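The values are calculated or read from the model by the stated rules, or taken from the named source; none is laboratory data. If you're wondering where the values come from, they're calculated on a predicted model, not measured in any experiment. Note that we place each Cβ from the backbone using ideal geometry, even for glycine, and neighbour counts take in every protein chain shown. Remember, those area values only see protein heavy atoms, side chains included, never the ligands or the DNA or RNA. Shrake-Rupley method; radii C 1.70, N 1.55, O 1.52, S 1.80 Å.
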Amino acid sequence: MTTTAIAPLLDTLDFVVLGAIGLATVAWISRKALFDLIAGTKKSPPNLLSFDASHKSKPAPTASKKERNFVKKMKEQVSVGPQGLCVQDLDIVRGRNVIFFYGSQTGTAEDYAARLAKEGSQRFGLSTMTADMEEYDITYLDQLPEDFLAFFIMATYGEGEPTDNAVDFWEMITQQEQPEFSKSSESEDPEKPLKNLRYVVFGLGNKTYEHYNLVGRTVDKRLSELGATRIAERGEGDDDGSLEEDFLGWKDDMWKAVAEVMGVDENSKNKGPRQPAFEVVEKDDANLDNIFLGELTERKQTNGTRPIYDAKNPYVAPITTRDIFFNSDRRCLHGEIDITGSGLTYQTGDHVAIWPINAESEVERLARILSLTDKLDKVIVVKSTDPASTKPHPFPVPTTYRTVLRSYLDISAPPSRQTMSSLAAYAPTDKTKEILTRLGDDKDEFRVVVADARRNLGELLEWVAQADSEATSFSTIPFDLIVESLSRLQARYYSISSSSKAHPNQIHVTAVILDYKPTSTPERTVYGVATNYLWSIHSQLNRIQDGSPRYNIEGPRGIYVSKDSDTPTIKLLVHVRHSNFKLPRNPALPIIMVGPGTGVAPFRGFLQERAIQKRDGRDVGKTLLFFGCRRSDQDFMYQDEWPTYFEKLAENGSRMTTAFSREQSTKVYVQHRIQEYREELWQMIQQGGYIYVCGDAKNMARDVNGEFVRMAHELGGMTEEKAATFVKDLRGRGRYQEDVWS
């Protein structure tokens, strides 16, 4: 009898039964692969970049090309719903329907994107993924289905600049009136190529800057102009003190709008136990040669070519230092970083990024309160629980608990208020749970106890434990939650204080060592991570013992320190970040530089460059520098150098004007000196002069801006409104530039 003869005899129930048997058979045969996929335990074959210490690194036969079409990747990825790993509750969905793009310079925007993605998945059952903007081809935005959603978490860097990883996207949407998307030639409405796109924007900025949140605002505006639909109010966070509260306050209403548009509810189905974002696996059989002990990048084969050093692959550079303060209880280092033969280049006015590590005292403190002291050198692998994550590991692994706390997590920064609520679920006692819950719920108490006091996580947990004698430690907190809650340790940026023409093989840096006692807790001292790391290097080079925080400056396997001679050589990780803070192309134009304190750093480079241009026979315009510090006999940095530069430029009235704020009964600052010389400065502006301001954004830069506005009003005969517009126009034309910080 043939199959076709049997078919008419089968009714619908028969097909259902046979189909169920077939599915059950497939499920039984594939059960191990399914659970491996869900649990994230299925191992990839070892290759050159394998982080698994159970395998020895072997070159991969062929390297697969990374998929840059994010729409294709979203549709192909498998996601697992938030119910857990019980087989009867599995919610396996093919495809992601929400993507979180981030433009991040210091890691904060990336952290926010990850937090939102997890919240969308666990609270609302959305199928989410995060995406580094530079890793994908953003021209595919026009192919995102209309029932999908795109988030843009965008930080503004410096004076309205995009972050490094968002430059290509920024240039595409701002420099082209009609950007070319993947199907622009086929679009029915060429002026609205993104009409199917639904989006949400959150911007990160700093209100002390002129162009507050310019990137987020511009992205929102351009997406809308190109036909996209914003489904929730744009959020903006101010990094000058209220960023976390701005973020928390915005996202509640945002989720309501998203839930309505996406047709989802926050219901009991999605309110199960916390689903860890990472899995921490301890390894007993790790190959010690393959363990990462602070390296930031994978070991790569270069095939004889010189590697490219950047934010994702910093250079290990030798540094020498000297203290340039004298007769002072404050300290300021001048550092000279040797980049000979590295291929690194810079332009005068650029920034150097220095990658610090955490002080040993803070590593030991957090390890002690988490009961990890006895296993700090235990080898671990930390991996994402999302089997399709674009970043399967948050940092290079295998590694150790000690290395994670020392080199990979920012354990010295205050934790977020949202972290308090997460930790409360794992508090060892009812009393400690009550305290952590209150800190998570009460933003005023959190501000006093954590934010204003600048308590890091280790200090905070010690403070909480003191309230309950039964809470000897917080060993109940899983380490994966620590990894999830703390930001990655990021580079710190400094204005380069040398000219690339004068010192092509050296990068000079100027940094005041940060340590202070918070007003709310004067018994404590807070230490800046990066500057005290530099001081630790300086102390080692100069055999200084002064009780400052101790750092493991030897680096992974001691490779940062060489003791082949009487004077040790010490290295650190650096890369260069290009800046728009640049001298005018025509050196004949006059310039006005305002730089109190370490704000004078880039102007040292500017003067070196102008002196070289003069030496080479170029016509160099008048060059004025306004510098301020507390006292000429304590913190007048580079005091012996300035006359050398100005002797070469003095013929046209170039000079330095100083303001020593504490050498007279009434404090005098650079803005007061500007007022004294305003007629001369106004004439220089009329001659096409450029204005440069570097230093404190909140007070100094604002006051200096006000002086120039007043100058335009009183000497230029403009109304106050037109005077403000005049200075703003100078900024727009690049003739008023700032390199400031809060």
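With a sphere of radius 13 Å drawn around the Cβ of Val561, what net charge do the other residues whose Cβ falls strictly inside it have (Lys, Arg +1; Asp, Glu -1)? Write down the numbers at each step before the final one.
Details: positive: Arg557, Lys563, Lys571; negative: Glu554, Asp564.
Charge balance near Val561 sits at +1.
Filter the chain for me: DSSP H helices, axial length by Cα at least 24 angstrom, mean Kyte-Doolittle hydropathy not below 1.6. List them by residue number. Span-like helices here: 12-29. Accessible area per residue for the chain, computed on protein heavy atoms with a 1.4 Å probe, is 47 Å².
Within straight-line reach of Lys256, meaning a Cα separation under 13 Å, sit the following aspartates and glutamates at least 8 residues removed in sequence or on another chain: Glu119, Glu233, Asp265, Glu266. Distance between the modelled labels on Thr340 and Glu171, one decimal in nanometres: 3.4 nm (7 Å Cα→Cβ projection). Only aspartates and glutamates eight or more places from Lys571 in sequence, or on another chain, were considered; those with a Cα closer than 16 Å are Glu295, Glu336, Asp338, Glu554.
Can you list the aspartates and glutamates whose alpha carbon sits under 18 Å from that of Lys622, skipping same-chain ones fewer than 8 residues off? Output for Lys622: Glu609, Glu647, Glu651, Glu676, Glu679, Glu680. From the list (1) -0.89, -1.04, -1.12, -1.18; (2) -0.53, -0.84, -1.00, -1.15; (3) -0.58, -0.95, -1.16, -1.39, can you say which value of log10 I(q)/I(0) by the Debye sum over Cα atoms at q = 0.07, 0.09, 0.10, 0.11 Å⁻¹ was derived from the structure given? Read-out from the structure maps to (3). Multiplying the residue separation of Arg702 and Lys517 by 0.36 nm and subtracting their alpha-carbon distance yields 64.0 nm. Do the alpha carbons of any pairs in Lys118/Lys221; Lys501/Lys614; Lys582/Lys728; Lys72/Lys391; Lys501/Lys648 sit beyond 20 Å of each other, and which pairs? Among Lys118/Lys221; Lys501/Lys614; Lys582/Lys728; Lys72/Lys391; Lys501/Lys648, the Cα-Cα distance tops 20 Å for Lys118/Lys221. Computed log10 I(q)/I(0) for segment 94-262 at 0.11, 0.14 Å⁻¹: -0.41, -0.68, from the Debye equation with unit scatterers placed on every C-alpha and solvent omitted. Heavy-atom accessible surface of Tyr136, to the nearest 10 Å², is about 10 Å², with a 1.4 Å probe and all protein chains retained.
Fully extended, how many nm does the chain gain between Asp310 and Ser185 (0.36 nm per residue separation, minus their Cα-Cα distance)? Intermediate results must be reported in sequence, preceding the final value.
Details: separation 125, 0.36 × 125 = 45.00 nm, distance 3.59 nm.
Additional length available on full extension: 41.4 nm.
A full extension of the chain between Glu233 and Gln664 corresponds to an added length of 150.0 nm, given 0.36 nm per residue minus the alpha carbon distance.
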